1. Do you know which residues across the range 208-228 are assigned to a loop (DSSP other than H, G, I, E, B), open to solvent by 10 Å² or more (accessible area, probe 1.4 Å) and away from the ligand (no atom under 16 Å from the Cβ)?
2. Can you report the number of residues in the range 120-144 which are within 14 Å of the ligand (Cβ to nearest atom) and surrounded by fewer than 24 Cβ atoms within 10 Å (Cβ to Cβ)?
3. Would you please name the residue that is surrounded by the fewest Cβ atoms within 10 Å (Cβ to Cβ), looking only at residues in the range 192-207 that are without any contact (Cβ under 8 Å) to a residue 60 or more places away in the chain and more than 13 Å from the ligand (Cβ to nearest atom)?
4. Residue check, Gly126 against (1) part of a helix (DSSP H, G or I); (2) more than 22 Å from the chain's Cα centre (by Cα); (3) closer than 25 Å to Gly228 by Cα, all met but one. Which one?
5. Could you run through the range 313-327 and say how many residues are of a type in the set (Gly, Ala, Ser), within 19 Å of Thr28 (Cβ to Cβ) and open to solvent by 10 Å² or more (accessible area, probe 1.4 Å)?
6. Which ranges mark the helices (runs of 4 or more DSSP H) fully within the range 244-294 that have 3 or more residues being buried (at least 22 other Cβ atoms within 10 Å of the Cβ) and either over 11 Å from the mean Cα position of the chain (by Cα) or of a type in the set (Phe, Trp, Tyr) (or both)?
7. Which residue out of Ala51, Ala46 is modelled with pLDDT of 95 or more, touching a strand residue (DSSP E or B) at 6+ places or on another chain (Cβ under 6 Å) and part of a helix (DSSP H, G or I)?
8. Out of all the residues in the range 104-119, which are open to solvent by 60 Å² or more (accessible area, probe 1.4 Å) and in contact (Cβ under 8 Å) with a residue 12 or more places away in the chain?
Amino acid sequence: MRKYLLIFVAVFLSLSATAQKFDQLAKTPPMGWNSWNKFHCDVSEALIMQAADAMVSTGMKDAGYEYIVIDDCWQVSRDENGEIVADKDRFPHGMKYVADYVHSKGLKFGIYSSAGTVTCQRRPGGFGHEYQDARTYARYGVDYLKYDWCGSTTQDAKSSYTNMSNAIKAAGRPIVFSICEWGSNKPWEWAANVGHLWRTTGDISDNWNSMLDIFNKQKDLARYAGPGKWNDPDMLEVGNGGMTTEEYRTHFSLWCMLASPLMAGNDLQNMTPETKSILLNKEMIAIDQDSLGRQATCYRDNVYYQIWVKTLSNNEKAVCLLNTSDEKKSVLVDFSLLASIRGGGRGFGGPPPAAPAGGTPGMPGVPGAAGAQRTQGAQGVATAGQAVPAAGQGMPGGMGPGGPGGQRGFTPMTLENYKVRDVWEHKDLVLKETSMYVELLPHSVKVYRFVRK
Ligand code: GLA
């Protein structure tokens, strides 16, 4: 009897150490709006309700944006029972009232706390109150919880987030669990069963260098992403004023290539036509939301430009050419070569193998450059460890045409069976030759979708 009891206790303990997240949520990257990037602590009932209104009236809801998330500063204290207390001046009707309003618009409601004793703005954190808070959030009608890492001092990240994940499960309301420990403890290695998305880096700032720096840190993480488990390179800054329209278009495109959560972080009530044209580009959003859930892999990383490939469902793919330089570039793009390169499969996403001695023999898809700003691309200026073999050489990860790995039964793409669509121009390319010069403005992208004919 004692033996059985011990076995029971051991099984129970091992189960309780395992996260039990709601696994039917976030099958595609979550889309929505979060108050932090634009409004910081200046949140209120009116602001959130207006954001919900604007989400509908601007067409964002129709484009797929769903969650309205209040970030830090909605909470002020705990009462004598340990219940979290919302700021009564800013949320006079309480959080359930706001949640009900958001739901009445056909949207979903998100909230924020931290795994530590305090949030990053020194409001009460969730530590020691996980099960109580999860029940409270369920009562409010919360659908999404962003859980930060401030005030955590000596806590273990995996067990802290597992604890909250289990608390959410126990409370019984399906809530998307957004882990925000800034990539400090490599959540991609342990969070797939704990949460639905996890931040991979520190906070984004509204400028080109910050955005690009975060983007470059996603290179090795593609293998960890998939339906219900997403790398989160942080919320969007599109429309907040610190980047040019071109740079915002790039920011949005790169996030979509990465199958990132798309959480707008701007003032939805006052969007310029340019901001709207970016956030509402449904063709770009479709690449982000593709049901296969693959994150793009970096096919080429040159001094001035990068090529990224995202495998899509229906044997399609998206290719993004990124000009990281401060100058306009004119590059000769060979679309039949671009057609032949493949995105990484599930098991792919690590650094590509080093280039053969002497550098890369040519630039697949982008063999050279033209005009005054001729790039050094023709013979490849790839840095060690980042260069990849030319398309024809194949690659162990399955990036070469017809190479092993990736999807089984993959038919190589050619320009005979695929058309090439420019996702920002919203039109199919008319290719007289298979190669064409393409102008890439400074800090800009071209995104092509290879669509089955
Ligand atoms: C941290 C998070 C941000 C934001 C702030 C709020 O910095 O990473 O996204 O939530 O806290 O205080």
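1. First, pick out the residues of the range 208-228 that are assigned to a loop (DSSP other than H, G, I, E, B): 217-218, 225, 227-228.
Remaining after also requiring open to solvent by 10 Å² or more (accessible area, probe 1.4 Å): 217, 227.
Of everything in the range 208-228, just one residue is assigned to a loop (DSSP other than H, G, I, E, B), open to solvent by 10 Å² or more (accessible area, probe 1.4 Å) and away from the ligand (no atom under 16 Å from the Cβ), namely Pro227.
2. Initial filter on the range 120-144 (within 14 Å of the ligand (Cβ to nearest atom)): 120-126, 144.
Subset that is surrounded by fewer than 24 Cβ atoms within 10 Å (Cβ to Cβ): 120-124.
So the answer is 5.
3. Of the range 192-207, the ones without any contact (Cβ under 8 Å) to a residue 60 or more places away in the chain are 192, 198-203, 205, 207.
Checking the rest, the ones that are also more than 13 Å from the ligand (Cβ to nearest atom) come to 192, 207.
Values: Ala192: 19, Asn207: 14.
Only one residue tops the list, namely Asn207.
4. The failed condition is (1).
5. First, pick out the residues of the range 313-327 that are of a type in the set (Gly, Ala, Ser): 313, 318, 325.
Keeping just the survivors that are within 19 Å of Thr28 (Cβ to Cβ) gives 313, 318.
The next check asks that each one be open to solvent by 10 Å² or more (accessible area, probe 1.4 Å); those that pass are 313.
Residues in the range 313-327 being of a type in the set (Gly, Ala, Ser), within 19 Å of Thr28 (Cβ to Cβ) and open to solvent by 10 Å² or more (accessible area, probe 1.4 Å): 1 in total.
6. On the way: elements: 245-257, 273-279, 282-288.
Where helices (runs of 4 or more DSSP H) fall fully within the range 244-294 and carry at least 3 residues being buried (at least 22 other Cβ atoms within 10 Å of the Cβ) and either over 11 Å from the mean Cα position of the chain (by Cα) or of a type in the set (Phe, Trp, Tyr) (or both), they are 245-257, 273-279.
7. Values: Ala46 fails: touching a strand residue (DSSP E or B) at 6+ places or on another chain (Cβ under 6 Å).
Only one candidate qualifies: Ala51.
8. So in the range 104-119, the residues open to solvent by 60 Å² or more (accessible area, probe 1.4 Å) come out as 104-105, 108, 117.
Once the filter is applied, which keeps residues that are open to solvent by 60 Å² or more (accessible area, probe 1.4 Å) and in contact (Cβ under 8 Å) with a residue 12 or more places away in the chain, the range 104-119 yields Lys105, Lys108, Thr117.
The values are calculated or read from the model by the stated rules, or taken from the named source; none is laboratory data. All values reported here derive from a predicted model rather than from experimental measurement. Neighbour counts are summed over all protein chains in view; Cβ atoms, including those assigned to glycine, are modelled from backbone coordinates with ideal geometry. In case anyone asks, the SASA skips ligands and DNA or RNA and just uses the protein heavy atoms, side chains included. Shrake-Rupley method; radii C 1.70, N 1.55, O 1.52, S 1.80 Å.
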